[in-house]
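The values are calculated or read from the model by the stated rules, or taken from the named source; none is laboratory data. The shown structure was predicted, so the numbers you read here are calculated from the model rather than taken from an experiment. With ideal geometry, Cβ positions are generated from the backbone for all residues, glycine too; neighbour counts draw on all protein chains shown. Protein only, heavy atoms only, side chains kept; ligands, DNA and RNA dropped before computing areas. Shrake-Rupley method; radii C 1.70, N 1.55, O 1.52, S 1.80 Å.
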Amino acid sequence: MIGMITVAVLGCIGITVYGLLFGLVLQGVDRKCAARMQARYGPPLHQPFIDIAKLLCKDNIIPKNAVKSVFNAAPVIALAASITILLYLPIGSLMPVLGGWGDIILVLYLLTVPGLAMVAGGLASGSPYATVGSQREMVTMIAYELPLAIAIIAIAWRLNAAGVADPFSLVTLAQTPVWSVVGIPGMIGMLLLMIAIAWVTPAELSRVPCDTPEAETELCGGILVEYSGRNLALFTLSGAVKTVAMATLAVVLFLPWNLTWFVPLTGTVGIIADLAFFVLKVLLVVFFSVTLIRVGMARFRINHLVTFYWGYIALIGFAGMILLVLDAVLGMGVVA
């Protein structure tokens, strides 16, 4: 019993360090790639680490009319929730620390907590700009949660229809690629769901073109306008860790293969190879679903954002789900 607790504690500490460091690295890679695509040199890869260090050294200013307890608690809750998500997600061939105590539905709920914390912090700051930003954040969450839920439930349902036990388990999703149990209609459906998740990612992370809650040109920073110092650093770290979580979730759902499935590597060498392959997949997901989209798109207006996600992206998600259902009905799936 004591050994299990020790392993769990050490695992939680390791995942926390991994999420913070890898998240900042991903932000650095994202900024560098975006700069190169815009014919700029861009900041160094370690710039996010410098930004966090500077914020931690600055004064933590609290507005006079803010609800101080909520204002200070919001960034802590956002960061804690983002790190907790990683505890349920497989990393390469390493199983999740808390994989036996939660599934993908729990992760779906946890993904909303950082956004809700930001909303609470913005409303508690007492700023009219932050209040408008909080309202926009709530509307954005309502918009993108529908296609996200459609994709997750459709994939789990298809695994269940193929006779796979415990289809909502993240371990099951990581070890049983949905591609291996579907036919041609199902593959087309999976591609449509992949497109939907790729567009949900920037909205989940409040990145361009879905950064309407911040919108510096309209709201002077919006939801985080009153945050500074350590509190702003915690929100920044929360966004970095959530980037890792969303990219990892996409990998688990659509790209779960490990290198050792194809190359006969075992032991420590196999684990390292799988981790390196996992990092490569995460980098590709971030590039296509974050960097490429924000470089190629301008910020949505809030009404356009809702129309886009409830209209186009939700329809793409429904089409993918229908194709997976059709695939199961036609009996074209082959259980791996």
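Key figures for this structure:
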{"quantity": "Candidate set from the stretch 162-179 (those that are assigned to a loop (DSSP other than H, G, I, E, B) and either in contact with a Pro (Cβ under 8 Å, 6 or more places away or on another chain) or polar (S, T, N, Q) (or both)); member that is most open to solvent (accessible area, probe 1.4 Å)", "calculated": "176"}
{"quantity": "Answer residue from the stretch 120-153, given it is open to solvent by less than 10 Å² (accessible area, probe 1.4 Å) and assigned to a loop (DSSP other than H, G, I, E, B) and is nearest to residue 63 (Cα to Cα) among those", "calculated": "125"}
{"quantity": "Pairs, first among the charged types (D, E, K, R) in the stretch 100-117, second assigned to a loop (DSSP other than H, G, I, E, B) and surrounded by 16 or more Cβ atoms within 10 Å (Cβ to Cβ), C-beta under 8 Å, six or more apart", "calculated": "103/88; 103/168; 103/169"}
{"quantity": "The listed residue being among the aromatic types (Phe, Trp, Tyr) and touching a helix residue (DSSP H, G or I) at 6+ places or on another chain (Cβ under 6 Å), out of 300, 235", "calculated": "235"}
{"quantity": "Residue count, the stretch 16-45 (criterion: assigned to a helix (DSSP H, G or I) and open to solvent by less than 50 Å² (accessible area, probe 1.4 Å))", "calculated": "15"}
{"quantity": "Helices (runs of 4 or more DSSP H) lying entirely in the stretch 250-336 (those with 3 or more residues that are of a type outside the set (D, E, K, R), touching a Pro at 6+ places or on another chain (Cβ under 9 Å) and under 25 Å from residue 180 (Cα atoms))", "calculated": "314-329"}
{"quantity": "Residues that are under 21 Å from residue 228 (Cα atoms), open to solvent by less than 30 Å² (accessible area, probe 1.4 Å) and not small (Gly, Ala, Ser), drawn from the stretch 103-117", "calculated": "114"}
{"quantity": "Boolean, residue 26 is hydrophobic (A, V, I, L, M, F, W, C) and under 20 Å from the mean Cα position of the chain (by Cα)", "calculated": "yes"}
{"quantity": "Criterion violated by residue 283 - all others in (1) buried (at least 16 other Cβ atoms within 10 Å of the Cβ); (2) over 29 Å from residue 52 (Cα atoms) satisfied", "calculated": "(2)"}
{"quantity": "Number of the condition not met by residue 241 [criteria: (1) open to solvent by 20 Å² or more (accessible area, probe 1.4 Å); (2) at pLDDT 90 or above; (3) hydrophobic (A, V, I, L, M, F, W, C)]", "calculated": "(1)"}
{"quantity": "Filter result for residue 56 (out of contact with any Ser or Thr (no Cβ under 9 Å at 6 or more places or on another chain), open to solvent by 50 Å² or more (accessible area, probe 1.4 Å) and modelled with pLDDT of 90 or more)", "calculated": "yes"}
{"quantity": "Residues within the stretch 257-279 that are under 22 Å from the mean Cα position of the chain (by Cα) and exposed (fewer than 13 other Cβ atoms within 10 Å of the Cβ), tallied", "calculated": "1"}
{"quantity": "Single residue of 159, 192 found to be open to solvent by 40 Å² or more (accessible area, probe 1.4 Å) and assigned to a helix (DSSP H, G or I)", "calculated": "192"}
{"quantity": "Criterion violated by residue 132 - all others in (1) modelled with pLDDT under 90; (2) within 29 Å of residue 275 (Cβ to Cβ); (3) of a type outside the set (Phe, Trp, Tyr) satisfied", "calculated": "(2)"}
